[in-house]
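The values are calculated or read from the model by the stated rules, or taken from the named source; none is laboratory data. Keep in mind that what you see is a predicted model, and the values were worked out from it rather than measured. Backbone-built Cβ (ideal geometry, glycine too); neighbour counts: all protein chains shown. To get the accessible areas, we keep the full protein, side chains included, count just its heavy atoms, and leave off ligands, DNA and RNA. Shrake-Rupley method; radii C 1.70, N 1.55, O 1.52, S 1.80 Å.
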Amino acid sequence: MIRADLTLVPNLAADPDDGVPAPSRRRGGASRTSAKAPERQAAQPPAAPSWARASGRAGQGDPLFAAGAGLALLDAFLRADPPAAGALRSRLALQSAAASAKILRLNVDEGALRDLRFAVGDALGPAANLLRLWRDLAGRPPGLDPGRISDAVARLDLAVDPNGLAASLKARAGEGDPVSAAAKAAALVFSTFPDAPAAEAEVLALWVFDLAIAIRLRWARPLPMIATRILDPSLRSDRGGRPRPGEPAWEKHAAGAIALAAASALDLAAHLSRRAGTLLAVAPKLRSKPAAKIVDLMLSQDCVSPADAARQAPMTGRAARRLFDRLVALGAAREFSGRPTFRLYGL
């Protein structure tokens, strides 16, 4: 059943800058993230209906209604507190960074961005800043505070008064349904930088769009989504081209992008939930004491390096590599890099 209040009722959130409480957790007893907790279940999200997927495209149905349907299904899934919610956010942050790199015309893909996350001792470049921008969005409760906006602006090498922009965004993000309000907030951000490079301003606008959606839906953490589909060719009209925030076709384009992004996020959530189910099923077989921490890391991140896992578990690097190799053999983990050394593992 579609929850119409998510997209059609403007007073879902009384204040767009309200704090967002974390999902309820069990109190007392063993931790839910323990490797010895086989009762932990990886629930499957519902699939986006075919009409909602089609309606996100140019000239096919109402993209705002399709966006509402997808966001309602995502909202129901997230409120069930699925074990792999952190991995979902982290994977979407990686995809958003890769899409943003295309907007900025940076020659990096998801694999290169994964490596940049674990780079040590190197000065941050534009690509690494993009990854941090989106990971920060996914890793913190949503809010339009000046400090957060200042950090985001700095990562894109832009300059603005964060206090003034934050105040304007708080007012704009509370107007109308969540998707339209987010589109208006993004347009406001884009218009704030008339003399700045349009690509950097657009990436910041997309970042604010996802933040505004999370605030209005009162999610514990944002899902980076719109950037993953904003470049989709199916959204372009017969005239071609892509509207930028604030242009006449922007709000409809943004609604179509978030409709497609929500459907893709549900597909990814289903995939990660299946992988998480396998991991949780084999977790009791992992006899090493740090195994619970490794399971937690895999459920919360896009990928983990053995060296990073060894530091956090703690355990030796060799023991971490052996544990990951066993998880791969059991079908509970994947290796992403394809390299014989400096390998990366995840769901």
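Numbers at a glance
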{"item": "Cα centre as origin, Lys/Arg/Asp/Glu Cβ charges: region 122-206 dipole, Debye", "result": "260"}
{"item": "Spatially proximal lysines relative to K252 (Cα-Cα < 27 Å; intrachain offsets below 8 disregarded)", "result": "K102, K170, K184"}
{"item": "Dipole magnitude of region 171-264 about its Cα centre (Cβ charges: Lys, Arg +1; Asp, Glu -1), debye to nearest 20", "result": "220"}
{"item": "Selected from A85, L124, L169, residue furthest toward positive end of dipole (region 65-198; charges at beta carbon)", "result": "A85"}
{"item": "Accessible-area composition of region 56-204, carbon plus sulfur, in percent [1.4 Å probe]", "result": "50"}
{"item": "Highest-first arrangement of 330-337, 193-200, where packing means the average Cβ count within 10 Å", "result": "330-337, 193-200"}
{"item": "For region 242-259, Karplus couplings with θ = phi - 60° (6.51, -1.76, 1.60), whole Hz, Gly/Pro x", "result": "9, x, 8, x, x, 6, x, 8, 4, 4, 5, 4, 5, 5, x, 5, 6, 5"}
{"item": "Sequence-separation-based contact order of region 148-204, relative, with Cα cut under 8 Å and 6+ spacing, percent", "result": "35"}
{"item": "Only Lys, Arg (+1) and Asp, Glu (-1) charged, at Cβ; region 182-332 dipole about Cα centre in debye", "result": "940"}
{"item": "Surrounding net charge for D302, when Lys and Arg each add one and Asp and Glu each subtract one, Cβ distance under 15 Å", "result": "+3"}
{"item": "Between region 161-178 and region 248-298, the Cα center-to-center distance that results, in Å", "result": "30"}
{"item": "Theoretical FRET efficiency, 1/(1+(r/R0)^6), r = Cβ-Cβ of R318 and D267, R0 56 Å, to 0.05", "result": "0.95"}
{"item": "All-pairs Cα distance distribution in region 120-186, expressed in whole percent, bin size 5 Å", "result": "3, 16, 21, 23, 20, 10, 4, 2, 1, 0"}
